[in-house]
1. From the list 102, 94, pick out the single residue that is under 21 Å from residue 123 (Cβ atoms) and loosely packed, with under 14 Cβ neighbours inside 10 Å.
2. Considering each residue of the stretch 8-42, count those that are within 24 Å of residue 118 (Cβ to Cβ) and surrounded by 14 or more Cβ atoms within 10 Å (Cβ to Cβ), and give that number.
3. Taking only the stretch 43-54 into account, find how many residues are in contact with a helix residue (DSSP H, G or I) (Cβ under 6 Å, 6 or more places away or on another chain) and open to solvent by less than 20 Å² (accessible area, probe 1.4 Å).
4. Having 3 or more residues that are in contact (Cβ under 8 Å) with a residue 24 or more places away in the chain and within 16 Å of the ligand (Cβ to nearest atom) is the bar; report the strands (runs of 3 or more DSSP E) wholly within the stretch 17-92 that clear it.
5. How many residues are of a type in the set (Gly, Ala, Ser) and either modelled with pLDDT of 95 or more or within 14 Å of the ligand (Cβ to nearest atom) (or both) when one looks only at the stretch 93-114?
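The values are calculated or read from the model by the stated rules, or taken from the named source; none is laboratory data. In this text, all values refer to a predicted model and were calculated from it rather than measured experimentally. When we count neighbours, we look across all protein chains shown, and the Cβ atoms used for this are built from the backbone with ideal geometry, even at glycine. Heavy atoms of the whole protein, side chains included, go into the accessibility calculation; ligands, DNA and RNA do not. Shrake-Rupley method; radii C 1.70, N 1.55, O 1.52, S 1.80 Å.
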Amino acid sequence: MSTLRLEIVTPERKVYEKDVNMVVVKGIAGELGIMPQHIPLVTPLKVAPVKAKIGNENEFIAVHGGFMEVRKDKVVILAEAAELGSDIDVSRARLAKERAERRLAQKQNDINAHRAELALQRAISRLESLGEKYHM
Ligand code: ATP
């Protein structure tokens with residue numbers, strides 16, 4: 001099976017670099033499945049887990065927004081923050097989720113409500129990339 005190179009980079013470090021068979025992301029216009037030889041494209045990403053398919057295995061990386069650039073045999077994702085499942089602190093994510101939900105339940109100004117909404121999305125995405133299921 002042919003492969004493409006997936007790189008996920010944050011301002012701090014390279015989080016992921018592997019040859020994979022398929023990359024599935026949530027772009028702002030919907031879900032995209034990228035296989036080798038995909039046409040080049042650049043798209044902003046939603047805060048959502050990225051799925052890397054390697055043979056019959058799936059790996060999930062929590063990617064918090066950013067951009068994806070697809071080249072012939074390479075996908076580069078640049079994000080403000082991203083974590084592998086093994087790097088995710090579950091209790092921190094659960095606490096962040098509760099904190100954001102509390103803030104959203106209080107009447108806030110738009111800016112704080114927007115910040116709480118984004119924090120909630122990041123926390124849910126971290127938990128989802130570990131297999132916990134949430135509906136927003
Ligand atoms: P918190 O409120 O817990 O700090 P946050 O969503 O505000 O969460 P970010 O601003 O997205 O945090 O990330 C700050 C840094 O902390 C990044 O390097 C990110 O990878 C890391 N990080 C945040 N939450 C977790 C977590 N639950 N497990 C592992 N790393 C995390």
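1. Going through 102, 94 in turn, the sole match is 102.
2. Summing the residues that are within 24 Å of residue 118 (Cβ to Cβ) and surrounded by 14 or more Cβ atoms within 10 Å (Cβ to Cβ) in the stretch 8-42 gives 11.
3. Matching residues across the stretch 43-54 total 1.
4. 47-54, 57-64, 82-84
5. 3
Residues are listed down the side, and each one gets a yes or a no for (1) open to solvent by 30 Å² or more (accessible area, probe 1.4 Å); (2) over 16 Å from residue 18 (Cβ atoms):
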{"site": "56", "(1), (2)": "yes, no"}
{"site": "63", "(1), (2)": "no, no"}
{"site": "67", "(1), (2)": "yes, yes"}
{"site": "75", "(1), (2)": "no, no"}
{"site": "80", "(1), (2)": "yes, yes"}
{"site": "89", "(1), (2)": "yes, yes"}
{"site": "98", "(1), (2)": "yes, yes"}
{"site": "117", "(1), (2)": "yes, yes"}
{"site": "124", "(1), (2)": "no, yes"}
